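J.: Next up is a structure, given as structure tokens.
The values are calculated or read from the model by the stated rules, or taken from the named source; none is laboratory data. Bear in mind that the values here come from a model prediction, so they are computed numbers and not experimental data. Cβ sites come from the backbone with ideal geometry, for glycine too, and all protein chains shown count toward neighbours. The area values use the complete protein model at the heavy-atom level, side chains included, leaving out ligands, DNA and RNA. Shrake-Rupley method; radii C 1.70, N 1.55, O 1.52, S 1.80 Å.
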Amino acid sequence: MDDLQSSEEFAFVNEEVERVVQESIEYYLKDAVYEEERVEQWINWVVERCMKGLNDLKKPFKYIVTCVIMQRNGAGVHTTTSCYWDTVSDGVLTFVWPKEKSKDGNKTMYCIVTVFGLGFSVGGH
């Protein structure tokens with residue numbers, strides 16, 4: 001159990017990261033209506049709140065957080081990420097909001113947040 005607990009302490013756990021990202025997005029955008037003038041502010045707020053939530057996890061990672069907010073108007077968007085890194089110690093999560101099947105999601109915009117977690121050694125781990 002100690003080895004499992006120890007490895008989780010230093011792991012990029014998608015469920016934890018997803019929770020932080022979803023809470024950050026919904027804090028600012030859940031009831032918002034898309035306004036182009038506010039997008040820059042929303043992006044900054046979402047990224048800053050994500051970064052704070054990720055740092056509060058107290059994991060040995062350097063984080064990179066990106067955010068895209070797009071008006072829902074029928075236009076398509078395609079995105080991908082590619083990384084060359086240590087698959088044991090590093091991780092990535094892309095979160096699209098609202099979820100496709102969500103009935104009570106925001107009808108005016110999409111938000112796509114990507115979090116890269118780059119592990120670094122702490123105390124010989």
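J.: For residue 90, what residues show an amide H to amide H distance below 5 Å, using hydrogens built from the backbone and excluding near sequence neighbours?
T.: Here the answer is 119, since their amide H atoms fall under 5 Å of that of residue 90.
J.: Can you give me the relative contact order of the chain as a percent, contacts being Cα pairs under 8 Å and 6 or more apart?
T.: Answer for the chain is 34 percent.
J.: What value, in deg cm²/dmol to 500, does the helix sum -39500 (n - 2.57) over DSSP H runs of n ≥ 4 give at 222 nm once divided by the residues of the chain?
T.: The per-residue figure over the chain is -11000 deg cm²/dmol.
J.: Set Lys and Arg Cβ to +1 and Asp and Glu Cβ to -1, take the dipole of the chain about its Cα centre, and tell me which of 73, 46, 93 lies farthest positive.
T.: So the residue furthest toward the plus end is 73.
J.: Calculate the dipole size of the chain relative to its Cα centre from +1 charges on Lys and Arg beta carbons and -1 charges on Asp and Glu beta carbons; express the result in debye to the nearest 20. Can you show the working numbers first?
T.: Values: 13 positive and 20 negative charges, 76 e Å.
Computed charge dipole of the chain: roughly 360 debye.
J.: Could you point to the label whose value was computed as P(r) over Cα pairs in 10 Å bins from 0, in percent for the structure here, given (i) 10, 26, 30, 27, 7, 0; (ii) 12, 41, 30, 14, 4, 0; (iii) 11, 39, 36, 13, 1?
T.: From the options (i) 10, 26, 30, 27, 7, 0; (ii) 12, 41, 30, 14, 4, 0; (iii) 11, 39, 36, 13, 1, the structure gives (ii).
J.: Can I ask one more? Would you mind telling me the share, in percent, of accessible area of the chain contributed by carbon and sulfur at probe 1.4 angstrom?
T.: Numbers: 4160 of 8460 Å².
That share works out to 49 percent.
J.: Follow-up. When a/c reaches 1.5 or more, the comparison of a/b and b/c decides; with that in mind, is region 3-58 rounded, prolate or oblate per its Cα gyration tensor?
T.: prolate
J.: Next question, about the same structure. Among the aspartates and glutamates, which have Cα under 16 Å from the Cα of residue 62 when same-chain residues fewer than 8 positions away are ignored?
T.: 9, 16, 48, 86, 90
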